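Have a look at the structure below, then the notes.
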Amino acid sequence: MQLSLKKFSLKKTMSFNDYQTISQLLKEYKIEYQQQDFVKESWTETSIVFDIDFEFHETCCNTDQSSIARRELMTLPILKELYQNCDGMNGSPDFWIQPKLEFTAELSGIVDYMLTAKSEINTGNFSLPILLLVIQVKNNDFERSWAYCLAALITADRLNQQTRPVYGIVTDGKTWELGNLDHQIFTKNLTTYSIDEEEKLFSLLNGFFAIATQ
């Protein structure tokens, strides 16, 4: 009996998680990198319900000890508040939790949160274009998390057929960093914001959501 060698491969396939640094992706996909502040703050008010819940999360929960806790109790509530109650949102994009993106074997992986164009029919599949991706920082490693985010942005850009910029957030729930990919140019916002300046953070994210969903 002969075994088909086609079933076996020594070639290692890549995924978002295999990229360690942004420079790997810049070189492999011939992307230009720049840093500049491209987001304009847009003041917004948070709801009383959010303020009460978030104060509880900050003071009574183990958000300092677990990235999962920060994702569920800090990142997600902030995103939900922006999505539901802030005025920067254009239209009603779909909000996805841990969807899988795949363009090739190398460009595939799961993102923590994602906004896409509104789907007219509830099929369980997201509609294009992809507007915004959010990556939760793991092990306090922002550099590797940005590599993961950029790989996801490249994938989304390819799926969108490069019809519009795609926006990305990398956060540990406390510190928020922003970027976008417009065709072959990746721009990272110079200014980083912290939940310690809640009003300023929400103004920045409100403005960011406005340009990401326009």
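Key figures
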read-out	value
Cα-based helix-to-principal-axis angle, 76-85 vs the chain, degrees rounded to 10	60 degrees
Among T44, L25, C149 the positive-end extreme of the charge dipole of region 18-212 (Cβ point charges)	L25
Aspartates and glutamates whose Cα lies under 17 Å from that of K118, excluding same-chain neighbours fewer than 8 positions away	D94
Residue order, fewest to most surrounding Cβ atoms within 10 angstrom, among S145, S194	S194, S145
Per-residue [θ]222 nm for the chain (sum of -39500 (n - 2.57) over DSSP H runs n ≥ 4, rounded to 500)	-9500 deg cm²/dmol
Distant-in-sequence amide H partners of T63 (H built 1.01 Å from N, under 5 Å)	none
Gyration tensor (alpha-carbon) shape descriptor, the chain, a/c threshold 1.5	prolate
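Each reported figure results from applying straightforward, stated rules to the coordinates on display, with no laboratory input. A quick note: this is a predicted structure, and the numbers were derived from the prediction, not measured. We place every Cβ from the backbone using ideal geometry, glycine too, and count neighbours over all the protein chains shown.
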